[in-house]
Amino acid sequence: MGVLSALPIIAAGNICCCLWVICGGVAAAYALQQGQAQPITPADGAFVGFLSGILGAFVYIVIYVPTEVVIGPVEREMMQRVIDNMGGAEGFRSYFERSQVVGGPIRYAISFLTMLFVGAIFSTIGGLLGALMFRKREVPRAPGTPGTFDAPGI
C-alpha cells in the first residue's frame, strides 16, 4: 500500500476508490488467514487492515519524500510547460501557481496525515473485505468429539 501509493505514476491507482489502500487491507487479511488454521473473523480482518493502514502511511512517507525530492522538480517543470502551451487556461494556471506556494516540510506533513487518515479508514474496509473473501471454512467435527453437541436418541 505504502510503496504503490508513493510511486509517481502508479499512485494514480488511488484515484480509483483508494485502490492501493484497500488492496493493502485485503492483503493483510489474506496474510493473517494464511498464518492461522482457524477461520478469522471480520473483526480480525478489520483490525489487521487498520494496522496495515497505519504502517502503510509510514512506509508511504519514507518512500514519498526522496521520490518527491528527485522527481518533483521535473514534474513541476513538465506541468508548467503544459500550462504554458494551453491557451485560455488562466483558471488552471492560477490554481497551479497557488499550489506551488505550499512546499517542503508542510507538503510532506499534509501528505503523511492524509495518507494516515485515508489509510486507517480504507484499509480497515479492505481488511474486512479480505476477511470475508479469504476466510477458511470451518471443518465439521466428528460426532462425540469434545466441543460438539450430540442429541440423545437421534
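The values are calculated or read from the model by the stated rules, or taken from the named source; none is laboratory data. Source: prediction; values computed, not measured. Positions of Cβ are generated from backbone atoms using ideal geometry, with glycine treated the same way; all protein chains shown enter the neighbour counts.
Looking only at residues of the range 58-81 that are in contact (Cβ under 8 Å) with a residue 60 or more places away in the chain and not polar (S, T, N, Q), we find that the one that is surrounded by the most Cβ atoms within 10 Å (Cβ to Cβ) is 63.
Yes/no per residue for (1) at positive phi; (2) modelled with pLDDT of 95 or more:
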| residue | (1), (2) |
| --- | --- |
| 28 | no, yes |
| 73 | no, no |
| 77 | no, no |
| 81 | no, no |
| 97 | no, no |
| 104 | yes, no |
| 119 | no, no |
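Scanning the range 5-27 for residues that are under 11 Å from the mean Cα position of the chain (by Cα) and within 15 Å of residue 111 (Cβ to Cβ), we see that the one that is surrounded by the fewest Cβ atoms within 10 Å (Cβ to Cβ) is 11.
Would you check if there is a residue in the range 51-62 being at pLDDT below 95, assigned to a loop (DSSP other than H, G, I, E, B) and either of a type outside the set (Val, Ile, Thr) or over 18 Å from the mean Cα position of the chain (by Cα) (or both)? No; the residues of the range 51-62 include none that is at pLDDT below 95, assigned to a loop (DSSP other than H, G, I, E, B) and either of a type outside the set (Val, Ile, Thr) or over 18 Å from the mean Cα position of the chain (by Cα) (or both). Scanning the range 101-123 for residues that are over 15 Å from residue 11 (Cα atoms), hydrophobic (A, V, I, L, M, F, W, C) and assigned to a helix (DSSP H, G or I) gives 106, 109, 110, 113, 116, 117, 120, 121, 122. Of the residues in the range 32-54, how many are among the hydrophobic types (A, V, I, L, M, F, W, C) and either loosely packed, with under 14 Cβ neighbours inside 10 Å or more than 29 Å from residue 138 (Cα to Cα) (or both)? The number of residues fulfilling the criteria is 3.
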